[in-house]
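The values are calculated or read from the model by the stated rules, or taken from the named source; none is laboratory data. Computed from a prediction, not measured in an experiment: that's the story for all the values here. All Cβ positions, glycine included, derive from the backbone under ideal geometry; neighbour counts span all protein chains shown.
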Amino acid sequence: MTFFVKRPDIYGLMAEFDAPEKILAAAERAKQEGYHDMDAFTPFPMEELTDALGIRHSKLSLFVLCCGLFGMLFGFFFQYWVSVIDYPLNIGGRPLNSWPQWIPVTFELTILFSAFGAVIGMIFRNGLPRPVHPVFNVDRFELATKDKFFLCIEAVDPKFDKEKTRKFLESLKPDYITVVDHVHTKDPYHQDDE
Amino acid sequence: MNTNEELLPQFNLFRQRAMMVGVVGVAALAAGALMSEADFFQSYLYGYLFWMGLTLGCLGILILHHLVSGSWGHVVQRYVESGARTLPYMALLFIPIIIGMNQLYPWTNHEGLEHVVEKKLGYLNVPFFLVRQVIYFGFWSLVAYWLSKNSRLQDQSGDVHLTRKMKIFSGPSMVFFVITVTLASVDWMMSLEPEWYSTMYGVGRIVGAVLTALAFCIVLVRWLGDKKPLADILTTRHIHHLGNLLMAFTVLWAYIAFSEFLIIWSGNLPEDNMWHIRRMNSEWSVFAVVLIVGHFAVPFALLLSRGLKRHIEPLSRIAVGVLVMRLVDLYWLVYPAFNNHELHFHWLSLAAPAAIGGIWLWLFIGQLKSQPLLPLNDPRFHNGMAEQH
């Protein structure tokens with residue numbers, strides 16, 4: 001029953017780097033070490049990080065495809081139902097099942113449902129709406145929008161162990177290692193900058 | 001100057017084989033011409049239109065590349081340059097069509113024409129037709145040679161100003177390219193049925209031509225991508241871009257073909273609808289179904305997958321399928337003009353694309369091997385590489 005797993009007492013451990021190559025190498029090492037539940041935060045998008053973090057292909061595209069197919073079928077057969085079954089009208093002697101005429105609307109609804117599926121699916125799969133995220137409890141984290149690169153290994157990872165993970169992060173030679181708490185605290189015990 | 005010495009033996013071997021196919025094909029065409037002139041000219045036109053479409057697609061991509069300069073463009077730039085540089089030779093290969101004009105184009109015989117066609121004779125007459133061909137081929141060859149000449153100059157000098165010069169030249173060129181190819185498609189193909197017209201015809205043929213050229217480039221990347229010098233710079237992103245473009249043009253082709261059909265079908269006017277009736281209310285409707293499935297549905301569904309677009313092996317197989325479908329599409333566009341209701345197949349319609357294709361590929365490889373395979377001194381080339389960190 002994964003719903004009732006006890007919440008780990010911290011969110012995770014975060015390492016800070018000062019160069020894109022360093023965080024790339026660090027993510028690669030962490031992946032090799034067997035960590036899955038981790039994330040990286042950088043001042044600019046780095047496409048290579050997706051691979052380095054070992055983020056698996058999202059199931060979102062499958063969901064979007066299903067939404068699109070549903071929209072296509074719905075769009076087509078709704079028009080069929082209206083024109084052929086519910087309210088058949090003789091327009092210039094044309095056949096009731098004038099399907100070429102329905103293709104544009106069918107196409108539009110395919111796109112519309114795919115787009116809705118993509119946006120709404122993305123929001124839910126990202127765990128949104130979420131007013132606040134524990135990584136913001138780290139004071140130096142605001143530098144992620146300036147010139148620092150952060151790698152956070154989350155405590156929910158099966159391989160996570162407070163001591164071992166910290167040792168591992170130290171071996172990556174980061175500038176700082178910080179404990180990420182669930183709530184914001186100024187406790188100096190946790191803010192143990194090296 | 002030549003940086004692809006390692007590839008020369010392969011190029012020469014391929015060139016030999018292409019020449020062999022070309023010679024055998026030309027012999028077959030000559031034999032066919034003696035047996036049936038009409039079949040010869042029809043098949044020759046068909047074969048010519050396929051390879052001319054590829055040539056013009058190359059020119060279009062080349063102009064587009066100089067305008068937008070995406071990183072994918074540098075990978076294929078030398079392919080499309082070489083393809084476009086065959087244009088003067090394609091002008092020579094156009095001569096048999098001029099010889100066969102009386103048999104191909106009904107408007108060349110002034111008797112028994114419909115009233116509506118008689119009204120069009122101010123445009124559709126032999127002298128003006130010939131003048132237009134001179135303008136088309138002159139303009140296309142000029143653009144192709146000017147752009148590739150400057151790019152070759154830049155290979156040696158590394159002069160950054162040439163890039164800007166080519167970009168400025170490409171803007172107006174693109175406008176005239178679209179206008180001239182539209183008119184050429186009217187001259188070469190639409191006027192096979194001179195009583196009919198469609199304003200979407202030209203853009204449909206342009207998209208078809210660019211799609212042909214893109215698929216051809218992807219097949220070439222498959223062939224040369226694992227060899228130097230391309231292997232040094234080729235990344236998954238380039239292949240992904242090419243895959244996305246292939247998909248975009250597949251969809252665009254379907255969009256234009258369907259829009260044209262939908263407008264004519266819903267209007268259902270006798271002066272507009274005969275073109276589609278000939279092709280869809282007859283035995284030719286088999287082709288229409290094959291095109292919907294093979295030219296749109298299957299490649300579209302396959303290209304939705306990100307994985308297929310990012311790997312050159314599966315992508316090049318799709319591209320080969322697209323090339324085959326381009327041949328089917330052209331067959332369906334051209335032949336019903338001569339055979340209204342019955343499916344028509346003559347062995348010459350295989351021999352003609354093979355003959356012209358052999359000659360074209362021989363010319364193409366000749367152009368390709370005469371220059372470095374990548375525009376290494378193009379400043380945007382390095383930006384394109386840097387973009388990947």
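Exactly one residue out of B:Leu242, B:Leu234 is touching a Gly at 6+ places or on another chain (Cβ under 7 Å) and touching a residue at least 60 places away in the same chain (Cβ under 8 Å), and it is B:Leu234.
Within segment A:118-136, one or more residues are within 28 Å of A:Glu33 (Cβ to Cβ) and surrounded by 14 or more Cβ atoms within 10 Å (Cβ to Cβ). For segment B:266-276, residues that are closer than 22 Å to B:Leu343 by Cβ and within 14 Å of another protein chain (Cβ to nearest Cβ) total 2.
If the condition is being exposed (fewer than 15 other Cβ atoms within 10 Å of the Cβ), free of Cβ contacts under 8 Å to residues at least 40 places away in the same chain and more than 14 Å from every other protein chain (Cβ to nearest Cβ), then segment A:22-55 contributes only A:Gln32.
Scanning segment B:287-341 for residues that are under 30 Å from B:Gly225 (Cβ atoms) and either among the aromatic types (Phe, Trp, Tyr) or assigned to a loop (DSSP other than H, G, I, E, B) (or both) turns up B:Phe296, B:Phe300, B:Leu304, B:Ser305, B:His311. The residue pairs whose first member lies in segment B:366-384 and is at pLDDT 75 or above, whose second member is β-branched (Val, Ile, Thr), and whose beta carbons are closer than 6 Å, counting only pairs six or more residues apart or on different chains, are B:Pro372/B:Thr3. In the set B:Phe261, B:Phe338, B:Phe287, B:Phe345, only one residue is away from every other protein chain (no Cβ under 14 Å), without any contact (Cβ under 8 Å) to a residue 40 or more places away in the chain and over 30 Å from B:Glu81 (Cβ atoms); that residue is B:Phe345. Only one of the numbered conditions (1) β-branched (Val, Ile, Thr); (2) assigned by TED's automatic domain parsing to the domain that holds A:Phe44; (3) not in a helix (DSSP H, G or I) is not met by A:Thr165, and that is (3). Scanning segment B:293-318 for residues that are hydrophobic (A, V, I, L, M, F, W, C), free of Cβ contacts under 8 Å to residues at least 12 places away in the same chain and within 14 Å of chain A (Cβ to nearest Cβ) gives B:Ala297, B:Ala301. Of all residues in segment A:83-142, those satisfying the criterion of being in contact (Cβ under 8 Å) with a residue 12 or more places away in the chain, more than 14 Å from chain B (Cβ to nearest Cβ) and either on the phi > 0 side of the Ramachandran plot or β-branched (Val, Ile, Thr) (or both) are A:Val84, A:Val135, A:Val138. Residues of segment A:56-76 that are under 30 Å from A:Ala27 (Cβ atoms), surrounded by 15 or more Cβ atoms within 10 Å (Cβ to Cβ) and away from every other protein chain (no Cβ under 11 Å): A:Leu60, A:Phe63. Within segment A:97-111, identify whether any single residue is over 30 Å from B:Leu262 (Cβ atoms), within 27 Å of the chain's Cα centre (by Cα) and either of a type in the set (Gly, Ala, Ser) or not assigned by TED's automatic domain parsing to the domain that holds A:Phe44 (or both), and answer yes or no. The answer is no; no qualifying residue exists.
Among the residues of segment A:140-160, those that are over 16 Å from the mean Cα position of the chain (by Cα) and surrounded by 12 or more Cβ atoms within 10 Å (Cβ to Cβ) comprise A:Arg140, A:Phe141, A:Leu143, A:Ala144, A:Lys148, A:Phe149, A:Phe150, A:Ala155, A:Val156, A:Asp157, A:Lys159, A:Phe160.
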